[in-house]
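FYI, it's all coordinate maths here, none of it is from the lab. These numbers were taken from a predicted model, which means no experiment stands behind them. Neighbour counts run over all protein chains shown; Cβ positions are idealised from the backbone, glycine included.
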């Protein structure tokens with residue numbers, strides 16, 4: 001799995017889905033737009049339905065509920081993490097990143113353009129609030 005850099009300020013959800021699906025940001029954005037999901041919509045920072053809908057359209061399933069982050073070792077092999085969680089006028093906002101465990105490695109794909117590297121292993125610097133497990137139709141029962 002490779003990182004995808006977001007092309008809009010509020011494009012972290014689209015970039016995260018692109019990284020999971022192995023497609024470009026533009027390809028994921030086109031699918032998102034066809035579903036009525038637009039990067040300019042700040043609800044992508046405060047709702048889970050748009051990212052779940054986009055992943056479903058791209059062939060992935062998600063756990064039905066957000067689960068509290070209890071530690072890196074308790075995460076499934078693929079998960080969306082809510083980081084930089086905060087509230088503005090009683091509305092929660094966060095930044096989406098992708099946690100991945102593969103080939104004996106654990107890393108986070110962070111789509112933020114300003115980062116030196118979008119593949120992160122500095123787990124102590126990230127403070128996830130909760131996660132959504134992501135899987136394919138075949139392996140979701142194990143997530």
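One Cα centroid belongs to the stretch 91-105, the other to the stretch 1-67; the line between them spans 13 Å. Would you please classify the overall shape of the stretch 1-92 from the alpha carbon gyration tensor, given that a ≥ b ≥ c denote the square roots of the eigenvalues, rounded means a/c under 1.5, and beyond that prolate means a/b larger than b/c while oblate covers the rest? Oblate shape, in that a/c is at least 1.5 and b/c is the bigger or equal ratio.
FRET efficiency for the pair residue 40 and residue 129, taken as 1/(1 + (r/R0)^6) with r the Cβ-Cβ distance and R0 = 22 Å, rounds to 0.35. With 0.36 nm allotted per residue and the present C-alpha distance subtracted, the residue 85-residue 113 stretch has 8.2 nm of extension available.
Annotation: extensible slack from residue 121 through residue 47 equals 24.0 nm (criterion: 0.36 nm per residue apart, minus Cα-Cα distance).
Shape of the stretch 67-143 from the C-alpha gyration tensor: oblate (a/c of 1.5 or more and a/b not above b/c, with a ≥ b ≥ c the square roots of its eigenvalues). Over the residues of the chain, the helix contribution to mean residue ellipticity at 222 nm works out to -6000 deg cm²/dmol, using -39500 (n - 2.57) for each DSSP H run of at least 4. What residues of the stretch 107-138 lie in the reach of a label at residue 2, counting those whose backbone N is under 20 Å from a point 7 Å from the Cα along Cα→Cβ? Correct set: 107-121.
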